[in-house]
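The values are calculated or read from the model by the stated rules, or taken from the named source; none is laboratory data. Keep in mind it's a predicted model, so treat the numbers as computed, not measured. Using ideal geometry, Cβ is built from the backbone for each residue, glycine included, and neighbour counts are taken over all protein chains shown.
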Amino acid sequence: MKALRWYGRKDLRYVDVPEPSPGPGQLKVRVALAGICGTDLKEYASGPVMIAAEKAPITIGHEFAGKVAAVGKGVSDFRVGERVTGVGYYYCGECYVCKEGRYNLCVNQGFTGLFTDGCMAEYVIVPAYACYHLPDGVSDEAGAMVEPLAVALHAVRQARVQLGNTVAVVGDGTIGLCALLAAKAAGASEVYVVAKHRGRGELARALGATAVIYLSDGSPVSQLQKISGGPGADAAIECVGYPDTPQLTVELLRRGGIAVIVGVFSQPGTFEFSTMTFPEKIMVGSSIYVHEGQTAVDLLADGRIDASPLVTSLVPLKDAVKLGFEALLANKDANIKILLRVP
């Protein structure tokens with residue numbers, strides 16, 4: 001079968017690899033669409049970041065929609081031919097955090113496309129527990145957005161967003177825009193997006209952002225307070241992963257607010273802890289998802305979330321490097337989520 005394999009920094013190859021078979025508890029999925037995640041882009045541009053160098057070559061990708069091609073022993077919830085999507089993690093089920101039901105924190109956790117071969121291929125092997133049925137009313141394009149939506153939904157849950165809250169989202173990429181959608185679905189009355197790129201900021205407004213705060217227009221904190229007329233956000237969600245963005249996220253908060261850190265960091269940063277101590281602000285991490293994949297499917301199915309505006313183009317898998325990865329690096333104003341059509 002054909003697959004897009006990561007060999008190292010700026011080295012992705014469209015090659016032939018053996019077709020895999022599912023083991024116990026696994027599904028073999030015939031991939032229709034695969035999404036390019038920000039993590040995939042970082043691995044391409046400056047990796048290895050999360051991929052262990054000794055894993056190379058490895059098929060990348062963890063956002064997908066497709067059909068079940070085969071089921072492994074012990075799988076009873078899925079049948080061949082059913083449309084599915086999935087999330088990237090797999091867990092042991094035996095460690096202390098798994099026994100608490102916090103599978104996203106598994107001590108022995110792995111991740112599709114980083115630790116095992118991913119979905120930028122004709123077929124992918126995934127745990128059945130990490131897959132979800134796609135209803136007839138949810139397209140493959142929407143199904144391929146379930147994984148990033150699940151990340152955002154978990155972050156909003158970590159932020160304890162409630163009806164009527166004011167939320168600030170730092171970042172205008174896929175996760176940031178999904179966080180905007182998730183916060184609105186959770187009942188936030190005002191959602192402000194801190195953006196770097198004008199084109200993405202315009203999309204944020206179209207998706208329902210109360211206002212977009214551009215970094216080029218001066219202090220985001222001053223802008224937020226002026227536009228909102230308040231002391232700051234009840235919750236702020238960091239979706240970038242730059243050394244200075246956690247500090248900004250905390251400073252956007254009102255006293256007693258909650259900052260959630262979602263971004264994946266490849267460089268260390270500095271932080272002024274006095275900005276948290278006296279105003280009793282809270283900072284928490286947000287690691288992928290637990291059961292939010294099903295929540296994402298449900299929200300897409302009933303129309304409470306429409307992720308289709310985030311998909312800016314569909315390109316053939318064989319052209320993924322030039323029309324996908326390089327396009328995202330070259331023009332972030334015009335490109336947000338690029339989906340790869342698998343032959």
Restricting attention to region 90-111, does a residue exist that is surrounded by fewer than 23 Cβ atoms within 10 Å (Cβ to Cβ), within 30 Å of A330 (Cβ to Cβ) and either at pLDDT 95 or above or of a type in the set (S, T, N, Q) (or both)? yes
Looking only at region 266-305, count how many residues are surrounded by fewer than 16 Cβ atoms within 10 Å (Cβ to Cβ), of a type in the set (D, E) and in contact (Cβ under 8 Å) with a residue 12 or more places away in the chain. 2
Answer yes or no as to whether L114 is of a type outside the set (S, T, Y) and surrounded by 21 or more Cβ atoms within 10 Å (Cβ to Cβ). yes
Within region 306-339, restricting attention to residues that are aliphatic (A, V, I, L, M) and free of Cβ contacts under 8 Å to residues at least 60 places away in the same chain, which residue is surrounded by the most Cβ atoms within 10 Å (Cβ to Cβ)? A327
Restricting to region 195-229, name every residue that is more than 22 Å from the chain's Cα centre (by Cα), exposed (fewer than 15 other Cβ atoms within 10 Å of the Cβ) and within 26 Å of I305 (Cβ to Cβ). I227
Can you pull out every residue in region 71-117 that is within 19 Å of the chain's Cα centre (by Cα) and not in a loop (DSSP other than H, G, I, E, B)? V84, T85, G86, Y89, Y90, Y103, N104, L105, G110, F111, T112, T116
Filter region 23-46 down to the residues that are among the polar types (S, T, N, Q) and buried (at least 20 other Cβ atoms within 10 Å of the Cβ), then identify the one that is modelled with the highest pLDDT. Q26
Please find, among V169, V156, the residue that is in contact with a Cys (Cβ under 8 Å, 6 or more places away or on another chain) and buried (at least 24 other Cβ atoms within 10 Å of the Cβ). V169
Within region 326-338, the residues that are farther than 8 Å from T312 by Cα and of a type outside the set (K, R) are E326, A327, L328, L329, A330, N331, D333
For the structure I just gave you, tell me whether G232 is modelled with pLDDT of 95 or more, of a type in the set (G, A, S) and at positive phi. yes
Please tell me if V49 is part of a strand (DSSP E or B) and either buried (at least 23 other Cβ atoms within 10 Å of the Cβ) or in contact (Cβ under 8 Å) with a residue 40 or more places away in the chain (or both). no
Scan region 1-33 for residues that are of a type in the set (K, R) and assigned to a strand (DSSP E or B) and jot them down. K2, R5, R13, K28, R30
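Okay, residues lined up against (1) touching a strand residue (DSSP E or B) at 6+ places or on another chain (Cβ under 9 Å); (2) surrounded by fewer than 19 Cβ atoms within 10 Å (Cβ to Cβ); (3) in the same structural domain as V311 (by TED's automatic domain parsing); (4) under 28 Å from I175 (Cα atoms):
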| position | (1), (2), (3), (4) |
| --- | --- |
| G8 | no, yes, yes, yes |
| S21 | yes, yes, yes, no |
| D77 | yes, yes, yes, no |
| E82 | yes, yes, yes, yes |
Output for region 224-246, where each listed residue is part of a loop (DSSP other than H, G, I, E, B) and free of Cβ contacts under 8 Å to residues at least 24 places away in the same chain: G229
Pick out, from region 253-343, the strands (runs of 3 or more DSSP E) lying fully within it that include 1 or more residues that are out of contact with any Cys (no Cβ under 7 Å at 6 or more places or on another chain) and among the small types (G, A, S). 253-261, 282-285, 311-316
Checked pairs for region 194-208, first closer than 15 Å to Y242 by Cβ and modelled with pLDDT of 95 or more, second among the aliphatic types (A, V, I, L, M) and surrounded by fewer than 17 Cβ atoms within 10 Å (Cβ to Cβ), C-beta under 8 Å and 6 or more apart or across chains, list as V194/L215; A195/L215; K196/L215
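Within region 128-182, take every residue that is among the polar types (S, T, N, Q) and more than 15 Å from D306 (Cβ to Cβ) and give me the one that is nearest to the chain's Cα centre (by Cα).
Going through the qualifying residues, I end up with Q158.
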Residue among L153, L134 that alone is out of contact with any strand residue (DSSP E or B) (no Cβ under 6 Å at 6 or more places or on another chain) and on the phi < 0 side of the Ramachandran plot: L153
